[in-house]
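Enquirer: Here you go, one structure.
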Amino acid sequence: MNADLLIQRGDSTAASKLLLLFHGVGSNAEDLRPLGRALAAGCPQACIVSVRAPDPSDFGQGWQWFSVKDVTEVNRSARVAAAMPRFVGAVRAWQSEMGIGATETTLIGFSQGAIMALESTQQSEPVAANVIAIAGRFAQPPRIAPKNVVLHLLHGEQDRVMPATLAVDGTAQWRALGGTVTLDMLPNLGHGIDASVMLRAAGYLECTT
């Protein structure tokens, strides 16, 4: 937790919501500070933390949850599964720190952070009730869609790193399992986060100022 970035602790005597941000591979917690600040503006009662991935990136800078060196459709899911205990542990550590449970926790991930957040919904006990996945994908087709978990997928149509079809497919697969999901396709966005993403993400938080 010492490497994480606490963007906002939440006003009053105790925060009522926990928003955890997860960066992409080769990045760091500081890179999501602008997103966190944008969300804080409309959610003053929330504790907002940008979580740093645990391992040095294979790219020579930044951090990662799992290696993307020689990653394939075959081996990706095993790498995500191996990293999941530490991911879940990071979420639960902040929940314990703030006294906030899964029902009031939102995971907001970008790229690899979104992969981890989405795959966390496949645990026997999901660690969050809401997941906002930006430029992400499922590591493999979802097997379950818990009734108490809502997904919001935001994806640039011009994304050349994580093709937008992956978000479309994930949305269809989640719905086929009976889950609740929204999909926002952004026509002029590549693999990144812009003002329109921040605005839409903030709209899904259901915060009251």
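Read-outs throughout are calculated quantities, based only on the coordinates presented, and are distinct from any laboratory measurement. All figures in this text were calculated on a predicted structure; none of them were measured in a lab. Positions of Cβ are backbone-derived with ideal geometry, glycine not excepted, and every protein chain shown enters the neighbour counts.
Enquirer: What is the magnitude of the charge dipole of region 5-203 about its Cα centre, with +1 placed on the Cβ of each Lys and Arg, -1 on the Cβ of each Asp and Glu, and no other charges, expressed in debye to the nearest 20?
Expert: 240
Enquirer: So for the chain: antiparallel DSSP bridges make up what percent, rounded to the nearest 5?
Expert: Taking every DSSP beta bridge within the chain, about 20 percent pair in antiparallel fashion.
Enquirer: So what J values fall out for region 187-204 if you push phi through Karplus, 6.51 cos²θ - 1.76 cosθ + 1.60 with θ = phi - 60°, rounded to Hz, Gly and Pro as x?
Expert: x, 9, 10, x, 8, x, 10, 10, 4, 5, 5, 4, 5, 5, 4, 4, x, 8
Enquirer: With a/c under 1.5 counting as rounded, go ahead and sort region 5-203 into rounded, prolate or oblate using the C-alpha gyration tensor (a ≥ b ≥ c being the square roots of the eigenvalues; past the cut-off, prolate if a/b is larger than b/c, else oblate).
Expert: Rounded, since a/c falls under 1.5.
Enquirer: Further, regarding this structure: What ³J(HN,Hα) values, in whole Hz, does the Karplus curve 6.51 cos²θ - 1.76 cosθ + 1.60 give for region 46-60 when θ = phi - 60°, with x put for Gly and Pro?
Expert: The phi angles translate into 9, 7, 10, 10, 9, 8, 8, 4, x, 10, x, 6, 5, 6, x Hz.
Enquirer: Please list, ordered by chain and number, the residues whose modelled amide H lies under 5 Å from the amide H of ASP159; skip anything fewer than 5 residues away on the same chain.
Expert: Hits under the 5 Å cutoff: ALA164.
Enquirer: Remind me, relative contact order of region 5-203 in percent, using alpha carbon pairs under 8 angstrom and six or more residues apart?
Expert: 18
Enquirer: Can you compute 3J(HN,Hα) from phi for each residue in region 75-83, using the Karplus curve 6.51 cos²θ - 1.76 cosθ + 1.60 with θ = phi - 60°, rounded to whole Hz and x for Gly and Pro?
Expert: Going residue by residue, I get 9, 4, 4, 5, 5, 5, 4, 5, 7 Hz, with x marking Gly and Pro.
Enquirer: Looking at the chain, which longest stretch skips every one of the trypsin sites (Lys or Arg not before Pro) that is in a DSSP loop with at most 14 other Cβ atoms within 10 Å, leaving the sites themselves out?
Expert: Segment 70-142 is the longest.
Enquirer: Are there cysteines in the chain with no other Cys C-beta under 4.7 Å, and if so, which?
Expert: Singleton cysteines: CYS47.
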